[in-house]
Amino acid sequence: SSCRTGVTMIGAALYGGERLRPARWAGLLLAIAGLVWLLLPGLSAPPLKGALFMAASGVAWGVYSLRGRGATSPTALTAGNFLRAALIMVPVGLAGVLIEGEALPSGTGLAYALLSGAVTSGLGYAIWYAALRDLTSSLAAIAQLTVPAIAAAGGMVFLSEPLTTRFLIATALILTGVALSSLTRMPAQN
């Protein structure tokens with residue numbers, strides 16, 4: 001999903017008149033190579049329906065990021081969007097549980113879901129929008145490619161997943177690509 005988000009944001013940047021210098025293109029390609037290296041062991045052809053939903057979510061996240069960037073208070077706007085989405089999903093979730101014949105989730109499970117969704121995602125969005133304010137669309141897209149590496153590092157810290165050579169190499173490629181892109185000055189827009 002991060003790659004689709006990045007492609008959406010890069011496309012919007014190019015469509016909006018941003019012209020990337022060769023070093024930024026090189027950084028983008030290096031970061032994508034690192035992302036592919038990180039995800040390569042688990043790559044397999046997903047079901048078409050799931051792949052289409054993931055592609056749509058990546059595009060939506062890219063559009064949402066770019067639209068929120070222009071908002072006067074993107075964190076408050078996102079909090080309101082989360083609340084509206086939660087209110088919509090309560091009846092949809094209940095209907096899904098009833099249709100599928102599943103047991104209702106426990107209170108603890110619901111609390112963890114709310115904590116995970118509202119607190120951690122909300123905090124992530126607040127940090128993202130604070131950083132996004134000072135980035136060009138293309139650099140924001142490239143920075144977005146760090147998300148899978150950050151998630152994998154979180155798995156190591158919180159879930160005791162093993163630190164692997166593949167992770168170290170992939171993360172080094174991603175971070176080097178982002179750094180190369182970040183250090184490149186953008187030409188004046190026409």
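Things to note:
- Relative contact order of segment 73-190, pairs being alpha-carbon contacts under 8 Å that are 6 or more residues apart, as %: 27 percent
- Using a cutoff of 8 angstrom between alpha carbon atoms and counting only pairs six or more residues apart, the relative contact order for segment 1-134 works out to 36 percent.
- The chain: angle of helix 121-132 to the longest principal axis, Cα-based, in degrees nearest 10: 20 degrees
- Between Leu115 and Arg19, the contour length at 0.36 nm per residue exceeds the alpha carbon distance by 30.5 nm.
- Accessible surface, segment 20-171, averaged per residue in Å² (probe 1.4 Å): 64 Å²
- Cα-based helix-to-principal-axis angle, 74-100 vs the chain, degrees rounded to 10: 40 degrees
- Highest-MSF residue in the chain out of Ala55, Ala151, Ala12 [GNM, Cα springs under 10 Å]: Ala151
- Cβ crowding within 10 Å averaged over residues, with 162-175, 127-140 ranked highest first: 127-140, 162-175
- Nonpolar atom fraction for segment 62-139, defined as the carbon and sulfur part of the 1.4 Å probe accessible area, stands at 71 percent.
The values are calculated or read from the model by the stated rules, or taken from the named source; none is laboratory data. The model shown is predicted, which means the values in this text are computed figures rather than measured ones. A quick note on method: Cβ atoms are made from the backbone with ideal geometry, for glycine too, and the neighbour counts reach across all protein chains shown. Accessible surface is based on the protein model in full, side chains and every heavy atom, while ligands, DNA and RNA are left aside. Shrake-Rupley method; radii C 1.70, N 1.55, O 1.52, S 1.80 Å.
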